[in-house]
Amino acid sequence: MGTLCAMPVTETQVLDALRAVQDPDLHRDIVTLGFIKELTIDGGEVSFKVQLTTPACPVKEQLQYECEGVVSAIEGVTAVKVEMTAQIRQREMKQDDLIPGVKHCIAIASGKGGVGKSTCSVNLAIALAQAGARVGLMDADVYGPSIPLMMGAQDEKPYTQGNKIIPIQRYGIHMMSLGFLLEEGQAVLWRGPMVAGTIRQLLADVEWGELDYLLVDLPPGTGDAPMSLAQLAPVAGVVIVTTPHHIAANIAGKSVQLFRRLNAPIMGVIENMAGFACPHCGEVTQIFAGTTGEELSQQLKVPYLGSVPLDPTVSEASDKGVPSIIAQPDRPQSAAFREIAGRLAQQASIMSLTRKDLIKPGDVPTIPKFTPAE
Ligand SMILES: Nc1ncnc2c1ncn2[C@@H]1O[C@H](COP(=O)(O)OP(=O)(O)OP(=O)(O)O)[C@@H](O)[C@H]1O
Ligand SMILES: [Mg+2]
C-alpha cells in the first residue's frame, strides 16, 4: 500500500497533551481545572482559549508557552493559536448580600497604626486595575479617612443616582470614602453602633456595580470597623500589613487571631518599610532588626505576600495625591506592589477554588519567595 495518510488531530489528543500543563499555584492540570475553552481543530490547525481565574495571573506567559509547546508536539499539528483570557470565579451568594456584584472583597488590616495600610490599599488597587481587573476601593477608616487625599480627589463630591451613591473614579479605581461625604472640617464623634452603620452604608448605599476586587482599607486595630466589616460583608480574605519592628509583628499576630475568630480567612502578610530604597540609585538597605515578614508569616502560618521597601518618594508622591505606582512606576516599591498584587490575585483564586472543594484544604500551597525587582 502507499504512504499512510496523516491521521486527523482529535480533541482528545489535544486535551490529553494539555493535561501535562499544571497551574503551579493550584497544583492541578489546566484541563481538570476547566481552563480550556473554545477548542477548535481545523486540519492541523489547533486553537483554544485558556481561561485563567484572574487577569493578574503572574504565570500567564509561562502557561501560554507550555500550552503551545505540548500541543505543537502532537503529530499532525501544523499551527497552534492560544489566547489567554480570564474569568474571575463568582463567589457563592449569600441572601441579603450587600455587595452582590463584588467577586472578591479583600480587607487590608493591621494591629498598629501608620504601618502603611492605606498606602498598600491604594497602590495594590491600582496594580490590580493595571493588570486588567475591575477594582473598587472602600475607605473603611471612618476615624481618619485618608484615601481621598492619597488619590488626589479630596475636592470631589460624589453624586447620587436613585438612592445610590456613585463612586468617584481615579486612576482606573472606583472608590468611596466617608471623606467624600462629610463637609469640610466636619468632625464625627463615634460610638460603636455608628461605626457599624457607616460601614453598612459604605457597602450598601454605594453603587459598586460589578467588581472583580473590592479592597477595603481598615483603620488600625481590632475595633468596631473590622468587626462590622466581617459581619456585614462576604470578606474573601484579609491582608495584614506589618513593619519589621518586633512590636508591630507581635500586634500583627493579634490581628490574625481576631480575623480567624471572625471567620475571615487571612490571605497573607505584607511587610512594609522593610528596607531603605535609596532615592538616587534604588539600592535597598536593611535598617531594622527584628522579625521579617517572611518569619512572621511562618510563625502565624499564613502566606507571605512580599515586602515593600521604605522610600521617601512614597510619602512625597502620596502627599501630592499621586500614588507611588503612578508617580514612580520604575522604583523598587512599585515593582513590589505589582508583584504583591499578582500574589494577592493568585491567593484569592486559590481561596475561592478551595471553597468550591476542587482543592482539599491541606493542599493550599505556600506562595513562592519574593525577590525584589532589579
Ligand atoms: N514604603 C513606604 N516608604 C515610605 N513611606 C511610606 C511607605 N509606606 C507608607 N509610608 C508613609 O507612612 C505614612 C503612613 O502610611 P499610611 O497612611 O499608608 O499608613 P496606615 O497604616 O494606613 O496608617 P493609619 O493606621 O493611620 O491608617 C504615610 O505618610 C505614608 O506616606
Ligand atoms: Mg490608613
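The values are calculated or read from the model by the stated rules, or taken from the named source; none is laboratory data. This structure is a prediction, so every number in the text was calculated from the model and none was measured. Virtual Cβ from ideal backbone geometry, glycine too; neighbours counted across all protein chains shown. Accessible surface is based on the protein model in full, side chains and every heavy atom, while ligands, DNA and RNA are left aside. Shrake-Rupley method; radii C 1.70, N 1.55, O 1.52, S 1.80 Å.
Residue 322 fulfils the conditions (1) aliphatic (A, V, I, L, M); (2) part of a helix (DSSP H, G or I); (3) surrounded by fewer than 22 Cβ atoms within 10 Å (Cβ to Cβ) except for a single criterion, (2).
Residues in the range 135-173 that are open to solvent by 40 Å² or more (accessible area, probe 1.4 Å) and part of a strand (DSSP E or B): 160, 161, 164, 169, 170.
The rows are residues; the columns are (1) open to solvent by less than 40 Å² (accessible area, probe 1.4 Å); (2) at positive phi; (3) touching a strand residue (DSSP E or B) at 6+ places or on another chain (Cβ under 9 Å); (4) not assigned by TED's automatic domain parsing to the domain that holds residue 242.
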{"residue": "46", "(1), (2), (3), (4)": "yes, no, yes, yes"}
{"residue": "55", "(1), (2), (3), (4)": "yes, no, yes, yes"}
{"residue": "58", "(1), (2), (3), (4)": "no, no, no, yes"}
{"residue": "72", "(1), (2), (3), (4)": "no, no, yes, yes"}
{"residue": "97", "(1), (2), (3), (4)": "yes, no, no, yes"}
{"residue": "109", "(1), (2), (3), (4)": "yes, no, yes, no"}
{"residue": "124", "(1), (2), (3), (4)": "yes, no, yes, no"}
{"residue": "130", "(1), (2), (3), (4)": "no, no, no, no"}
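Residues in the range 289-315 that are outside any helix (DSSP H, G or I) and of a type in the set (S, T, N, Q) were compared, and the one that is modelled with the lowest pLDDT is 291. Filtering the range 7-23 for residues that are more than 24 Å from the chain's Cα centre (by Cα), in contact (Cβ under 8 Å) with a residue 40 or more places away in the chain and surrounded by fewer than 13 Cβ atoms within 10 Å (Cβ to Cβ) leaves a non-empty set. Restricting the range 211-237 to residues that are open to solvent by 10 Å² or more (accessible area, probe 1.4 Å) and within 16 Å of ligand 1 (Cβ to nearest atom) leaves a set whose member that is nearest to the chain's Cα centre (by Cα) is 220.
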